[in-house]
């Protein structure tokens, strides 16, 4: 048996790109700077049954596959220029949708980079999320901190390596 081609030093991810893309239905992409994203896919949302042969059978409860959060810079261009907000890529729309009990659903792309790799230098995770919580810091006499966002993962598209 040959030596494994996985987990080679030159293929290790050195950084997570400082942007992620919000992908609209028309394939328009908006780059958004973020400082940190953490997410987990969680099979705990599945109900487990067993067949007569003792095999597990899973039923998904609801549409949530996992949860996560990120922190993005709170910039003026993330607010809508019209009211009511209609652009799903704006904080204004996210806030309005939470208030109307219909949280915004967006597709995102998270990119990882392995600059020393001889082959595929990038990996991308594509998924659909639902914005569930926004936390704005408005302390007086302080620079505006990032916007803290909590989300639910509602659809998984892919996790794939590629050249660019």
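The values are calculated or read from the model by the stated rules, or taken from the named source; none is laboratory data. Bear in mind that the values here come from a model prediction, so they are computed numbers and not experimental data. So basically every Cβ, Gly included, is an ideal-geometry build from the backbone, and we count neighbours across all protein chains shown.
Of the candidates 93, 128, 89, the single residue that is buried (at least 18 other Cβ atoms within 10 Å of the Cβ) and either in a helix (DSSP H, G or I) or more than 18 Å from the chain's Cα centre (by Cα) (or both) is 93. With the condition kept exactly as written, say whether any residue in region 152-159 is within 15 Å of the chain's Cα centre (by Cα), loosely packed, with under 14 Cβ neighbours inside 10 Å and free of Cβ contacts under 8 Å to residues at least 60 places away in the same chain. Within region 152-159, one or more residues are within 15 Å of the chain's Cα centre (by Cα), loosely packed, with under 14 Cβ neighbours inside 10 Å and free of Cβ contacts under 8 Å to residues at least 60 places away in the same chain.
Among the residues of region 40-86, those identified as within 19 Å of the chain's Cα centre (by Cα) and in a strand (DSSP E or B) are 40, 41, 66, 67, 68, 69, 70, 71, 72, 73. Among the numbered criteria (1) at pLDDT 80 or above; (2) in a loop (DSSP other than H, G, I, E, B); (3) over 18 Å from residue 40 (Cβ atoms); (4) in contact with a helix residue (DSSP H, G or I) (Cβ under 7 Å, 6 or more places away or on another chain), which single criterion is violated by residue 102? For residue 102, the failing item is (4).
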